[in-house]
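J.: Dropping the structure in here first, questions after.
The values are calculated or read from the model by the stated rules, or taken from the named source; none is laboratory data. Nothing here was measured: the structure is a model prediction, and the numbers come from that model. Note that each Cβ is placed from the backbone with ideal geometry, even for glycine, and that neighbours are counted across all protein chains shown. Keep in mind that these areas ignore ligands, DNA and RNA; they rest on the heavy atoms of the full protein, side chains included. Shrake-Rupley method; radii C 1.70, N 1.55, O 1.52, S 1.80 Å.
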Amino acid sequence: MQINTTPDTPEDYCGTTYAAKLLGLSVGTIQTLVEKNELQAWKTQGGHRRISMPSIREYQRKHNMVTIQTEQRDNRLRVLLVEDDAVTREMLRGYCNRSTMPVDCTAMSSGLEALIDIASIKPDVLITDLDMPGVDGFELLRTLRQNPQFNRMTTLVLSALSPDKVAARGGLPDGTIFMAKPINMDWFNGFFTAFLAGRTIESQAQDNNKSPAA
């Protein structure tokens with residue numbers, strides 16, 4: 001059923017791409033389910049479709065589908081990849097899917113998609129291109145920087161732009177990691193290895209702090 005009201009929080013809705021990932025279906029199938037009123041959805045004033053998360057959970061229950069357990073996701077490194085070039089996007093997503101490391105990668109083709117779904121995904125790491133049509137990487141990063149919810153998120157930028165061109169377009173937020181294209185996959189693998197190792201050390205330190213004194 002099409003609804004016209006907007007939910008109270010971003011966690012109540014998601015975009016078409018993330019809905020497809022949650023249900024293990026294609027984007028085209030999600031669009032068909034919306035048209036058949038099997039998923040509740042509406043369009044923003046800008047014409048962008050948003051899908052009700054409660055209706056996704058209800059569809060999962062109705063069809064006895066395995067849901068993504070929060071506990072399982074919390075044990076994995078949540079990565080949001082934003083890249084408009086299909087070849088690069090599929091290469092990096094394929095790397096994450098084949099990796100023996102615990103990485104859960106959601107790949108999107110535009111900054112606008114990322115802004116719609118990032119509150120639902122809650123990524124530990126955002127990997128984004130800069131030079132993209134519509135909402136580019138610069139606007140994406142500036143928008144996220146204004147929201148304290150994403151202050152702890154690690155950001156990796158992949159771009160063929162020169163440092164001078166990046167500076168001319170306003171530069172990058174402090175703490176952003178920059179990697180020049182073409183992508184060095186050895187470096188990319190090292191980035192994830194180091195990140196996961198650091199998270200393990202941090203988790204162990206937190207557990208030790210919680211342990212009662214002998």
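J.: Conditions first: (1) touching a helix residue (DSSP H, G or I) at 6+ places or on another chain (Cβ under 9 Å); (2) modelled with pLDDT under 95. Residue 195 passes all but one, so which condition is the exception?
T.: Checking residue 195 against (1) touching a helix residue (DSSP H, G or I) at 6+ places or on another chain (Cβ under 9 Å); (2) modelled with pLDDT under 95, the one that fails is (1).
J.: Go through the range 119-135 and give me each residue that's in contact (Cβ under 8 Å) with a residue 40 or more places away in the chain and β-branched (Val, Ile, Thr).
T.: Hits for the range 119-135 are 121, 125, 127, 128.
J.: Another question about this same structure. Please name all residue pairs, on different chains or six or more residues apart, with Cβ atoms under 6 Å, provided the first residue is in the range 35-48 and is within 21 Å of residue 134 (Cβ to Cβ) and aromatic (Phe, Trp, Tyr) and the second residue is open to solvent by 90 Å² or more (accessible area, probe 1.4 Å) and assigned to a loop (DSSP other than H, G, I, E, B).
T.: From residues that are within 21 Å of residue 134 (Cβ to Cβ) and aromatic (Phe, Trp, Tyr), the pairs are 42/4.
J.: If we scan the range 148-168, do we find a residue that is open to solvent by 80 Å² or more (accessible area, probe 1.4 Å), at pLDDT below 95 and within 25 Å of residue 51 (Cβ to Cβ)?
T.: yes
J.: Just to be sure I understand, how many residues within the range 107-124 are in contact with a Phe, Trp or Tyr (Cβ under 7 Å, 6 or more places away or on another chain) and open to solvent by less than 10 Å² (accessible area, probe 1.4 Å)?
T.: 2
J.: Assuming residue 57 fulfils every condition listed in (1) more than 24 Å from residue 122 (Cβ to Cβ); (2) open to solvent by 60 Å² or more (accessible area, probe 1.4 Å) apart from one, which condition is it?
T.: (1)
J.: Suppose we keep only residues that are among the charged types (D, E, K, R) and either closer than 29 Å to residue 136 by Cα or not in a helix (DSSP H, G or I) (or both) within the range 64-74. Which one would you say is modelled with the highest pLDDT?
T.: 74
J.: How many of the residues in the range 97-106 are open to solvent by less than 50 Å² (accessible area, probe 1.4 Å), farther than 27 Å from residue 44 by Cα and touching a residue at least 60 places away in the same chain (Cβ under 8 Å)?
T.: Going through the range 97-106 one residue at a time, the tally reaches 3.
J.: Restricting to the range 28-43, give me the number of residues that are open to solvent by 40 Å² or more (accessible area, probe 1.4 Å) and not in a helix (DSSP H, G or I).
T.: The total comes to 5.
J.: Suppose we keep only residues that are in a strand (DSSP E or B) and among the β-branched types (Val, Ile, Thr) within the range 91-115. Which one would you say is farthest from residue 194 (Cα to Cα)?
T.: 106
J.: Restricting attention to the range 75-92, does a residue exist that is at pLDDT below 85 and surrounded by 12 or more Cβ atoms within 10 Å (Cβ to Cβ)?
T.: Looking for residues that are at pLDDT below 85 and surrounded by 12 or more Cβ atoms within 10 Å (Cβ to Cβ), one finds at least one in the range 75-92, hence yes.
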